[in-house]
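These notes are about the structure you will find just below.
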Amino acid sequence: MKPLNIVVCIKPVPNSRYWDRLSLDPVTKTLRREGIPVIISPLDTNAIEEALRIKEARGGRVTVISMGPENTVEVLAWAFALGVDDAVLLTDRAFAGADTWATAYALASGIRKIGEFDLVLLGNESLDGSTGQVGPQVAEFLDIPHVTNVEKVDFVDDDTLHVRSKIEFGYMLIETRLPVTLAVTKDINELRIPSVFGALWATEKEAKKWSADDVGVDKTRIGLEGSPTYVPEVSNIELQRRGEVLQGEPIQIARQLVEKLRADGVLPEA
Ligand SMILES: Cc1cc2nc3c(=O)[nH]c(=O)nc-3n(C[C@H](O)[C@H](O)[C@H](O)COP(=O)(O)OP(=O)(O)OC[C@H]3O[C@@H](n4cnc5c(N)ncnc54)[C@H](O)[C@@H]3O)c2cc1C
């Protein structure tokens, strides 16, 4: 069996326990993330798990890559504890404020710099932005095929994969060849818990930190300035609706409800 070089893209996202502390910058319309602890976007942990399983079955290396601020090293330490071999952090003020296109361009450039790769795994969508665009865009920049909604991967031979991609009411079975990018769903596997050995391993490992110059990107294509889309306006939804809890026995509640709906003109008069 041919050992594989697998790269997993992992996005640092604000820990949902602290979402009440998040706010928007009124000028740049971007999230203010300072001081908010980060976690690996959940589906990216499934992507790491799948990469580790493939490596355990076939041999090779698993490298994670992330683009984010300095505190992203926290999530990379977690990836090391799970068992990945290497981690790369693209971190530079010049990358900040990127839209999905500029994010994918930076990630693809980083993946090329890592070296030869056979398989690139991503989450199908992130916890916060959730556009699901970065996977297909990374594939475009790398000029390789891409499959989304992946819930199962089987190797047919060293270079050929059968990939099950979830669609409404069923799935598609897709045959593809390496190199390929796959965006995975939570159904692809059950996550492992880091072992004590993994935690010790993580303390000895350090992520490589690459700036825009290190990666050699075209600086007009990264960050806020290099993003072809921008957010002109962001607003909070103010709910106009009012909730009311009806009390009493079920039959009384049903009567009250019918009366209220009639009064509001939702139901016709009896
Ligand atoms: C004008 C504009 C400005 C923005 N400014 C900011 C900003 O200042 N700060 C900010 O945090 N966001 C900003 N965003 C949001 C930013 O576009 C997204 O964070 C990013 O591009 C990823 O999009 P997404 O979350 O929808 O990813 P999806 O496409 O939903 O993610 C799919 C998968 O791609 C991979 N992936 C996505 N992002 C990364 C990453 N950074 N590193 C590694 N893997 C990744 C992961 O595997 C993820 O599961 C901005 C967006 C716009 C349009």
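Derivation of every value follows stated rules applied to the coordinates shown; laboratory data play no part. Here the structure is a predicted model, which is why all the values come from computation and not from measurement. Cβ placement follows ideal geometry from the backbone for every residue including glycine, while neighbour counts extend to all protein chains displayed.
Tabulated data for the structure shown
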quantity: Exposure rule at most 10 other beta-carbon atoms within 10 Å, DSSP loop GluC sites (Glu not before Pro): the chain longest free segment; calculated: 35-115
quantity: Neighbour-limited loop hits for chymotrypsin sites (Phe, Trp or Tyr not before Pro), segment 159-198 (at most 16 other Cβ within 10 Å; DSSP other than H, G, I, E, B); calculated: F169
quantity: Segment D158-L246, length gained on full extension (0.36 nm per residue, minus Cα span); calculated: 25.4 nm
quantity: Most fluctuating residue given options G248, G135, G226, as computed from a GNM of the chain linking Cα atoms under 10 Å; calculated: G248
quantity: Gyration tensor verdict on segment 106-172 (Cα atoms; rounded if a/c is under 1.5, prolate if a/b is larger than b/c, oblate otherwise); calculated: oblate
quantity: Rg/Rg_ref, segment 142-237, where Rg_ref = 2.2 N^0.38 Å and atoms are Cα; calculated: 1.58
quantity: Computed FRET value (nearest 0.05) for D264 with I237, which takes r as the C-beta separation and R₀ as 25 Å; calculated: 0.65
quantity: Mean projection area, nm², convex hull over Cα of the chain; calculated: 20.3
quantity: DSSP bridge orientation in the chain - percent antiparallel, rounded to nearest 5; calculated: 40
quantity: Amide hydrogen neighbours beyond the local backbone of L24, cut-off 5 Å, H modeled; calculated: R32
quantity: Using a Förster distance of 35 Å, the FRET efficiency for R192-K113 (Cβ separation, nearest 0.05); calculated: 0.75
quantity: Reachable lysines, given that their alpha-carbon falls under 26 Å from the alpha-carbon of K219 and they are not under 8 places away in the same chain; calculated: K11, K29, K113, K208, K209
quantity: Computed E for E168/A57 - FRET, C-beta separation, R0 22 angstrom, nearest 0.05; calculated: 0.10
